[in-house]
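See below for the structure under consideration.
The values are calculated or read from the model by the stated rules, or taken from the named source; none is laboratory data. All of these numbers come straight from a predicted model, not from anything done at the bench. Every residue, glycine as well, gets a Cβ built from its backbone with ideal geometry; the counts of neighbours run over all protein chains shown. Surface areas here come from the heavy atoms of the whole protein model, side chains and all, with no ligands, DNA or RNA. Shrake-Rupley method; radii C 1.70, N 1.55, O 1.52, S 1.80 Å.
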Amino acid sequence: MKLHSLLIAALVLCILTVFLYWSNRHKPADDTAKISADAPPPILKLDQSAITKLELKKKDSDPVVLAKTSSGDWQITGPKPMRADQSAVTGLVSTVSSLNSERVVEDKATDLQAFGLDQPLLEVDVTEKNKSQKLLLGADTPASSGVYAMLTGDPRLFTVASYTKTSLDKSLNDLRDKRLLPVNADKVSRVQIGRKNSDIEFGRSKDDWQILKPKPMRADGIQVGDLVRDLTNAKMDLSSADAKQASSEFAHATPVAVAKVTDDSGTQQLELRKKKDTYYAKSSAVEGEYKVDSGLGKTLEKSVDDFRNKKLFAFSYNDPNKIELHNGSKAYFLARGTAGTDDWWSNGKKMDAANVESVISDLRDLSASKFPNSGFSNPAIEATVVSDDGKRTEKVEIAKSGDHYIARRENDPSFYELSADSVDGLLKAAEELKPAATQAAQKKP
């Protein structure tokens, strides 16, 4: 009986072994391969870097021709030479170089008229180094979710997604560089603003801006930086199709300012005019006159004081190394301890860090509410701040003037009007300076 059972078990095992062997030798096609076979085929698969020319042709409009220069930048060569928006053209090239279909409608299309491809709505001619191809886009599909497409020389009829057509259907205005001053803001070294009654000029040394005209003054780097960005980001408003109207409006508008921007390549000029609440501009770098955003006009209408550095001290958020403050007969001396520590010392005593920080904060916050031409006399307060590891020393004198204070920096003829609260707060913080609590005192209940 046992022998019989063993024989049956051996037979079953043999059958299972044969079945497994057969199944492994006859596996069904891989699911991935099946999905790949069912996936709609690509229309174009090109090396994006090898594309040297694009031509967009649409009914009732001149072809837009784009060519890659030897430097790798794109340029509009037709219908007339223009600078191209590099980002917009790169997006177009990316779309056409990797163009996928949604499905194949016919393997051999014959009636192109039925799909709007006998006279395509858009033709995209793509030129690589050694060959050219033409992509045709026709009518929308019945559900309007796609567009019929063909590639010249390929008999297949495809559909592509509507968003693909949107990515390809670009006008001249979509692809042109709309900047009125095609300059890199980081490379600008000088800005001049000419107005009817006042001229302002800024110069940059490394990252620091200085007012040069109407006279040398400290500049607010943030405000001048914003001015430079507004100028270099100024774009033509192409929402109006009537270019002649913009030219006419510019001709009859009131002059606001002439801005000149200089970088390593030279100087470019932007003339700004205003009619009612609308601004128009003419650039030396671009042909024509254009409506521009009102923000640019408001920037160029600012006074020189709007661009001045209102901070009395320039150490900003760099912690000072030494502070000396005199108020009449009272004197305060503070020196930072060993590098890498936050210890402050005065006359051999370690000072309370919180009190010292209050003094530093009040010095840092001293700002001019305006810049008077007079009123400074008999300064009773003197402050000296050494920062940047001893490389910068700033000395300031402050005098009472009515209900406020007037300050003057060493070697700076400008006067800074300070509020009474800001100066009185500094003096109060100085009076509250005290030695740091000893460890024994800190442990005392």
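Taken over segment 133-170, the criterion of being in contact (Cβ under 8 Å) with a residue 24 or more places away in the chain, under 25 Å from GLN86 (Cα atoms) and among the small types (Gly, Ala, Ser) is satisfied by ALA161, SER167. If you go through segment 268-290 and keep only what is touching a residue at least 40 places away in the same chain (Cβ under 8 Å) and among the polar types (S, T, N, Q), you end up with GLN268, SER283. Selection over segment 167-194 of residues that are surrounded by fewer than 16 Cβ atoms within 10 Å (Cβ to Cβ) and assigned to a loop (DSSP other than H, G, I, E, B) gives a count of 4. Out of GLU394, GLU417, which single residue is within 36 Å of the chain's Cα centre (by Cα), over 16 Å from LYS322 (Cα atoms) and in a strand (DSSP E or B)? None of the others qualify; the one that does is GLU417.
Scanning segment 392-422 for residues that are aliphatic (A, V, I, L, M) and open to solvent by less than 10 Å² (accessible area, probe 1.4 Å) turns up VAL396, ILE398, ALA399, ILE406, ALA407, LEU418.
Of everything in segment 263-272 that is among the polar types (S, T, N, Q) and in a strand (DSSP E or B), the residue that is surrounded by the fewest Cβ atoms within 10 Å (Cβ to Cβ) is THR267.
Residues that are more than 30 Å from SER189 (Cβ to Cβ) and not acidic (Asp, Glu) within segment 254-279 comprise THR254, LYS275, LYS276, THR278, listed in sequence order. For segment 86-93, the criterion of being at pLDDT below 95 and surrounded by fewer than 13 Cβ atoms within 10 Å (Cβ to Cβ) is satisfied by no residue at all. Figure legend. Inter-residue proximity from segment 297-309: first residues in contact (Cβ under 8 Å) with a residue 40 or more places away in the chain, second residues crowded, with 19+ Cβ neighbours inside 10 Å and small (Gly, Ala, Ser), beta-carbon distance below 8 Å, spacing 6+ or different chains. Indicated pairs: LEU300/ALA257; LEU300/ALA259; GLU301/ALA257; PHE307/ALA219; ARG308/ALA219; ARG308/ALA368; ASN309/ALA219. Only one entry of ALA335, ALA246, ALA259 meets the criterion of being in contact with a Phe, Trp or Tyr (Cβ under 7 Å, 6 or more places away or on another chain) and in a strand (DSSP E or B), and that entry is ALA335.
ALA143 meets the conditions (1) in a loop (DSSP other than H, G, I, E, B); (2) aliphatic (A, V, I, L, M); (3) buried (at least 17 other Cβ atoms within 10 Å of the Cβ) in every case but one. The failed one is (3). Which of (1) on the phi > 0 side of the Ramachandran plot; (2) in a helix (DSSP H, G or I); (3) polar (S, T, N, Q) does GLN223 not meet, given it meets every other one? Checking GLN223 against (1) on the phi > 0 side of the Ramachandran plot; (2) in a helix (DSSP H, G or I); (3) polar (S, T, N, Q), the one that fails is (1). Might you let me know whether segment 238-258 holds any residue that is touching a residue at least 24 places away in the same chain (Cβ under 8 Å), among the β-branched types (Val, Ile, Thr) and closer than 26 Å to ASP174 by Cβ? No, segment 238-258 contains no residue that is touching a residue at least 24 places away in the same chain (Cβ under 8 Å), among the β-branched types (Val, Ile, Thr) and closer than 26 Å to ASP174 by Cβ.
One line per residue, one yes/no per condition, for (1) farther than 17 Å from SER283 by Cα; (2) crowded, with 17+ Cβ neighbours inside 10 Å:
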| residue | (1), (2) |
| --- | --- |
| VAL224 | yes, yes |
| VAL228 | no, yes |
| LEU238 | no, no |
| ALA243 | no, no |
| GLU249 | no, yes |
| ALA257 | no, yes |
| VAL261 | no, yes |
